[in-house]
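Report on the structure given below.
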Amino acid sequence: MDVEGLDTFSAYDAAPALDDGEPLGLGMSLDEAIAERSAAKKPAPRQPKKQGGNASARVFVGNMKYETTWQQLKDHFASAGSVVHARVMENRTGRSQGCGVVEFQSIQDARNAIATLHDSELDGRKLLVREDREDGQKPQQAPQKKKRDRGSDDVVVVGKKLYVGNLNYQTTWQQLKDH
């Protein structure tokens, strides 16, 4: 029986007639040959998308109006240095997420943008500008406090997060913290 044109299921149906664990002249059993052929057809795993360039020469821009375009973003940040690329983040439907990334020619330009354009206004909104951490880097956080469970001597690590919604967009973190 010729197995060359068979799909995987047909090949498995034909396996008992052909395969008794002995190599089929290929130096491997039928199951091994099918597994190898399937592995060869699988596409290479996708690498995460990067904008290219040096990560430290990019800045993250938050608190943008949804209507702000990449061109407006690029023009606003041109005062800090030579802008290579400006991107407004969008969701799957193409709607702006209210943030973006600006890539500069040099690290010095990016640092200048953080120093001079943080809290600057674009389209009536104060921008948050910080170094981009797209590569998954997170700033050093204080270690979590450990809390003892009353019933035992085991130490339990407790993490706390609080979501506060329906805030006025003009509310600052300081006002929220002090309230």
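The values are calculated or read from the model by the stated rules, or taken from the named source; none is laboratory data. Since we're looking at a predicted model, the values are computed, not measured. Positions of Cβ are generated from backbone atoms using ideal geometry, with glycine treated the same way; all protein chains shown enter the neighbour counts. Only protein heavy atoms, including side chains, enter the accessible area calculation; ligands, DNA and RNA are left aside. Shrake-Rupley method; radii C 1.70, N 1.55, O 1.52, S 1.80 Å.
The combined condition, being under 14 Å from Arg130 (Cα atoms) and of a type in the set (A, V, I, L, M), is fulfilled by Val59. If you go through the range 61-83 and keep only what is open to solvent by 70 Å² or more (accessible area, probe 1.4 Å) and closer than 14 Å to Glu121 by Cβ, you end up with Lys65, Gln72, Asp75, Ser79. For the range 76-122, a residue qualifies if it is at positive phi, among the small types (Gly, Ala, Ser) and not in a strand (DSSP E or B), and the qualifying residues are Gly81, Gly94.
Pairs meeting the criteria (first residue in the range 64-84 and under 12 Å from Val102 (Cα atoms), second residue outside any loop (DSSP other than H, G, I, E, B) and among the aromatic types (Phe, Trp, Tyr), beta carbons under 7 Å, at least 6 apart or on different chains) are Gly81/Phe104; Ser82/Phe104; Val83/Phe77; Val83/Phe104; Val84/Phe104. Across the range 92-119, the number of residues qualifying as under 23 Å from Asn168 (Cβ atoms) and loosely packed, with under 14 Cβ neighbours inside 10 Å comes to 3.
For the criterion of being among the hydroxyl-bearing types (Ser, Thr, Tyr), open to solvent by 40 Å² or more (accessible area, probe 1.4 Å) and modelled with pLDDT of 65 or more, Ser29 fails. Contact annotation: residue pairs with Cβ atoms under 6 Å, 6 or more positions apart or on different chains, pairing a residue in the range 120-136 that is more than 13 Å from Cys99 (Cβ to Cβ) and open to solvent by less than 70 Å² (accessible area, probe 1.4 Å) with a partner that is aliphatic (A, V, I, L, M) and at pLDDT 90 or above, are Ser120/Leu127.
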